[in-house]
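My structure is below; once you've seen it, I'll send some questions.
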Amino acid sequence: MSEKTINWSAIAKDPRFIELHHKKTAFLFGWWIFSSCYYFLLPIGAAYATGLFKIQVMGRVNIGYIFAFSQYLISWALALYYAHVANKDFDRLTKELVNDLT
Amino acid sequence: MKKLLLAIGCVLTLSFAAFADEPAKAVDAQDAVPAAVATTDAIDAEEAAPAEAIKEEAAPAPAPAEPAPTSLKANPKVTIPIFLLIIGVTLGVVVWSARKTKSAADFYTAGGGITGTQNGWAIAGDYLSAASFLGISGMIALYGYDGVMYSVGWLVAYITVLLIVAEPCRNAGKYTLGDILSFRTSPKPVRAVIAISVVAVSTFYLTAQMVGAGKLMQLLLGINYTVAISGVGILMVGYVVFGGMTATTWVQIIKAFLLVAGAFVLAVLVGIKSGMNPFRFLNEVAASEQLIEYIKLLPIYMQEVEAGTATVDVGQRFLEPGLFLTNPLDQISLGMALVLGTAGMPHILMRFFTVPTAQEARKSVIVAMSIIGSFYIMTHALGFGAAMHVTPQGIKAIDGSGNMAALILAQSLGSDFSPFLGDLLLAFLCAVAFATILAVVSGLVLTASAAIAHDIYVNVIKDGNATQSEQVIAARLTSLVVGTCGILVGIAAEKQNVAHLVALAFAIASSGNLPVVVLSLFWRKFNTAGVICGLVVGTTAAIGLMMVSPNMTYPEVVADNAKKAYTKLEANIAAGLVAPAAMEKTLATIEAEKAKEANNRGKTSMMGLSKPLFPLKNPGIVSIPLGFAAAIIGCLAFPCRRAEEMWDELYVRQNTGIGMAKAIDH
């Protein structure tokens with residue numbers, strides 16, 4: 001693969017690249033904003049919704065603890081979901097593009 | 001341009017010197033704190049300390065049944081062999097990797113030959129510093145829910161790394177952050193500025209780790225501080241100089257494995273005591289009598305009782321927020337610094353250059369997230385376990401900051417089976433803490449050296465014309481110099497308060513590095529002026545706000561606290577609340593507090609302030625938006641056509657990985 005023969009702007013204008021780019025951008029930034037908002041609800045809730053956080057659900061376990069614990073689960077779930085989508089869609093689209101264009 | 005760089009360099013040097021001169025906070029409880037371990041800005045016993053000191057002495061002694069131990073010493077007969085074993089294994093790794101390290105790519109990125117899984121373990125090893133291991137378990141042991149809440153941000157931060165920076169960095173980068181930023185900008189100024197920023201972040205973080213290492217070893221093994229730092233430092237320099245990235249990676253992998261194994265064994269031991277039932281466990285924690293006594297005396301709980309809002313079930317209060325983290329704005333600010341700063345930490349970003357493809361980079365973040373997340377969940381068991389089995393009183397008797405909680409727990413749980421097992425577990429955990437510090441500092445030294453050798457020497461001074469052997473020699477020499485400086489700074493900073501340096505490193509990474517990395521990768525118009533403005537303004541804002549924040553020592557405030565403390569004690573004596581046995585100690589405390597007041601009264605902080613100008617301990621909430629704004633304004637003010645023309649290439653590369661082979665072969 002020789003560097004000089006690659007026409008970058010042609011790839012950038014390729015409809016498949018644009019499709020990939022749109023899909024990726026929407027997915028990545030969308031889920032990033034979701035995860036950040038979900039995370040910042042924790043300190044905000046702990047400070048301003050103490051009454052809610054204190055409600056005991058199962059024995060000693062209260063909503064605050066469940067919410068803090070859910071942060072781990074949500075982060076893991078999001079990471080695995082992203083890996084799934086990326087392995088299935090993004091990598092396939094990328095590979096098709098690279099095979100055709102270079 | 002040169003003048004500008006020189007000026008930035010001077011500002012950073014001065015500010016560093018200034019931070020290093022910051023006198024240690026004169027708080028009794030904090031004197032013994034391994035500073036790096038108390039990383040957390042949020043951890044600040046200062047305001048609470050005088051009040052607590054009073055209570056402990058003034059309370060008409062709920063007579064401790066048995067005298068609690070006041071120190072924790074590892075048994076040298078068990079500890080030394082374990083230490084030697086770890087040092088031996090890691091040195092073996094260095095000899096093996098030294099033979100494989102021939103080119104610059106080998107040195108900086110292990111030739112791109114690390115697999116995703118290996119890199120995931122190494123990232124976890126790089127990231128889980130002694131602060132996470134000892135600091136967070138201690139925070140949970142002393143403040144319950146707030147410690148749990150605090151631990152969350154450290155994992156969530158990896159979502160940003162995974163979604164935004166990991167794969168584009170792998171596809172667009174080569175050895176350093178400078179490679180990504182200089183892709184479509186004027187390479188020389190950009191590389192010089194980013195190298196200064198990387199060195200600043202690494203040095204702040206490194207100093208905190210070194211001082212923490214020295215204090216921890218001093219406390220546990222009873223060896224001299226200077227000897228401890230020199231030992232850690234010489235090993236660290238050896239790993240990096242001879243083994244480069246390959247050795248550093250394997251030291252980090254070994255350490256991550258030891259850390260997870262240690263935490264797992266402890267968590268299982270804690271679990272067995274409660275029949276492996278988490279509900280029963282929490283029930284036992286909340287029903288612990290000593291813990292209830294302790295909560296009743298917490299100032300915040302006493303206030304709640306007065307206000308009539310306190311939870312009736314005292315033990316349950318431990319599982320509710322607000323025992324420690326009381327300023328939500330500071331929490332949000334810290335959260336921003338974590339979530340954005342981790343993705344701007346040069347030693348974490350550098351790890352993505354060691355894997356061959358974007359897929360492997362992705363896999364490594366996923367592996368790292370599972371390790372880091374599981375580790376923090378085990379930390380909850382350790383923290384609550386220590387609160388129940390060791391009790392907060394027992395932990396505070398040994399170290400006021402709570403950093404020793406996990407270690408005391410190890411000894412006490414092991415001793416339930418046999419005294420030898422207690423010693424063995426303690427020795428193992430000490431060795432893990434030691435390996436932890438080694439792994440983290442090696443990563444930092446390598447990152448700082450790469451910035452100096454690759455960005456400044458090869459690309460700025462030699463215009464990129466250096467042979468492979470010249471590059472490797474430059475890299476090794478720089479590592480030697482950086483490592484030696486690290487040792488010297490560590491020794492010099494023994495008596496300084498360095499706990500806020502880690503918060504500062506995250507603040508700089510999130511306000512300076514992250515905005516320019518993200519904008520470089522995702523904004524067509526971004527250019528040289530944008531990079532330089534963003535880095536300079538973001539970094540200066542973070543450092544500047546930190547220097548006028550409550551993290552610094554304000555003698556007037558110290559004097560006021562001392563006055564409050566002795567006034568209260570005198571009132572207690574007058575009211576006959578002090579037991580005769582405690583009288584002598586109380587009088588001595590009053591004298592000490594008076595001397596402290598006299599010493600500090602009328603003086604100002606290093607910046608000439610009598611009280612903080614900026615109310616938060618974490619500057620992120622202000623400095624991060626400033627960094628982004630400066631980068632965008634700078635870029636729009638000086639548009640550059642070339643940068644826009646190069647955009648297609650960068651964007652196609654970072655999305656597809658086309659052309660990456662060149663980056664690896666280079």
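Laboratory data are not the source of any read-out in this text; all were calculated from the coordinates shown. Model, not experiment: these values are computed from the prediction. All Cβ positions, even for glycine, are placed from backbone atoms using ideal geometry, and neighbour counts span all protein chains on display.
Given B:373, B:323, B:361, which one lies farthest toward the positive end of the charge dipole of the stretch B:297-379, if we put +1 on the Cβ of every Lys and Arg and -1 on the Cβ of every Asp and Glu?
Of the options given, the answer is B:361.
Relative to the longest principal Cα axis of chain B, at what angle does helix B:2-21 sit, 0 to 90 degrees, rounded to 10?
Rounded to the nearest ten degrees, it is 20.
How big is the equivalent ellipsoid of the stretch B:163-299 along its three axes, where each semi-axis is √(5λ) from the Cα gyration tensor, reported in whole Å from largest to smallest?
42, 23, 18
In whole Å, what three semi-axes, largest first, describe the equivalent ellipsoid of the protein assembly as shown built from its Cα gyration tensor (square root of 5 times each eigenvalue)?
Its equivalent ellipsoid spans semi-axes of 44, 27, 26 Å.
If every alpha-carbon in the stretch B:406-461 counts as one equal scatterer, what log10 I(q)/I(0) does Debye give at q = 0.25 1/Å?
-0.85
List, in order, the whole-Hz ³J(HN,Hα) value for each residue of the stretch B:279-289 obtained from phi through the Karplus relation with A = 6.51, B = -1.76, C = 1.60 and θ = phi - 60°; use x for Gly and Pro.
So the J values, rounded to whole Hz, are 5, 4, 4, 4, 4, 5, 4, 5, 9, 4, 5.
Over the alpha carbons of chain B, what is the largest minus smallest coordinate on each principal axis, giving the biggest first in Å?
Principal-axis extents of chain B (Cα, largest first): 79, 54, 43 Å.
What value does the stretch B:393-549 have for Rg/Rh, both radii from Cα atoms and Rh as Kirkwood defines it?
1.11
Percent relative contact order of the stretch B:481-634, based on C-alpha pairs within less than 8 angstrom and at least six residues apart?
40
Loop only per DSSP, at most 11 neighbouring Cβ atoms within 10 Å: give me the trypsin sites (Lys or Arg not before Pro) in the stretch B:174-253, ordered by residue number.
On the way: sites: B:174, B:184, B:191, B:215; in loops: B:174, B:184.
In loop regions of the stretch B:174-253 (DSSP not H, G, I, E or B), there are no sparsely surrounded trypsin sites (Lys or Arg not before Pro).
Within the stretch B:461-510, list the trypsin sites (Lys or Arg not before Pro) lying in a DSSP loop whose Cβ has at most 16 other Cβ atoms in a 10 Å radius.
Taking the stretch B:461-510 and a limit of 16 other Cβ atoms within 10 Å, the loop trypsin sites (Lys or Arg not before Pro) found are B:462, B:495.
When the Kirkwood radius is taken over all Cα pairs of the stretch B:59-208, what Stokes-Einstein diffusion coefficient follows at 37 °C and 0.692 mPa s, in µm²/s?
On the way: Rh = 20.3 Å.
In µm²/s, the coefficient rounds to 162.
Taking the radius of gyration and the Kirkwood hydrodynamic radius from Cα positions alone, what is the Rg/Rh ratio for the stretch B:590-655, to two decimal places?
Numbers: Rg = 24.1 Å, Rh = 17.2 Å.
Rounded to two decimals, Rg/Rh equals 1.41.
Then there is this: So if R0 is 56 Å, what FRET efficiency would residue A:57 and residue B:637 give, r being the distance between their Cβ atoms, rounded to the nearest 0.05?
In this case the efficiency is close to 0.55.
In percent, how large is the relative contact order of chain B, given Cα pairs closer than 8 Å and 6 or more residues apart?
Working: 1154 pairs, mean separation 190.0, N = 666.
Here the relative contact order equals 29 percent.
Still on this structure: What angle, in degrees between 0 and 90 and rounded to the nearest 10, separates the Cα long axis of helix B:405-417 from the longest principal axis of the Cα atoms of chain B?
That works out to roughly 60 degrees.
How many angstrom separate the Cα center of the stretch B:168-241 from the Cα center of the stretch B:75-90?
Going from one Cα centre to the other spans 26 Å.
Could you give me the ³J(HN,Hα) list for the stretch B:297-304, computed from phi with Karplus coefficients 6.51, -1.76, 1.60 and θ = phi - 60°, whole Hz, x at Gly and Pro?
3J(HN,Hα) across the stretch B:297-304, in whole Hz: 9, 5, x, 5, 5, 4, 4, 5.
Kindly express, to the nearest 10 degrees and within the range 0 to 90, the angle between helix B:187-221's C-alpha long axis and the longest C-alpha principal axis of chain B.
So the inclination is approximately 30 degrees.
Here's something else I'd like to know. Enumerate the whole-percent occupancy of each 10 Å bin, from 0 to the last occupied one, for all C-alpha pair distances of the stretch A:35-102.
Spelled out bin by bin, the stretch A:35-102 gives 18, 30, 20, 15, 11, 6, 0 percent.
How big is D for the stretch B:337-407, in µm² s⁻¹ as a whole number, if Stokes-Einstein is applied with the Kirkwood radius of its Cα pairs at 4 °C and 1.567 mPa s?
The diffusion coefficient I find is 87 µm²/s.
Taking the Cα centre of the stretch B:84-237 as origin and charging only Cβ (+1 Lys, Arg; -1 Asp, Glu), how large is the dipole, in debye to the nearest 20?
520
What is chain A's relative contact order, in percent, from Cα pairs under 8 angstrom and six or more apart in sequence?
Numbers: 37 pairs, mean separation 34.3, N = 102.
Relative CO of chain A lands at 34 percent.
As an exercise, use a Förster radius of 41 Å and the Cβ-Cβ distance of residue B:523 and residue B:610 to find the FRET efficiency, rounded to the nearest 0.05.
For R0 = 41 Å, the calculated efficiency reads 0.40.
So if each residue of separation counts as 0.36 nm, and I subtract the Cα-Cα distance between residue B:417 and residue B:329, what length gain in nm does that give?
Additional length available on full extension: 27.1 nm.
To the nearest 0.05, how large is the calculated FRET efficiency for residue B:300 and residue A:89 if R₀ is 45 Å and r is the Cβ-Cβ distance?
Details: r = 50 Å, r/R0 = 1.11.
The pair residue B:300/residue A:89 has a calculated efficiency of 0.35.
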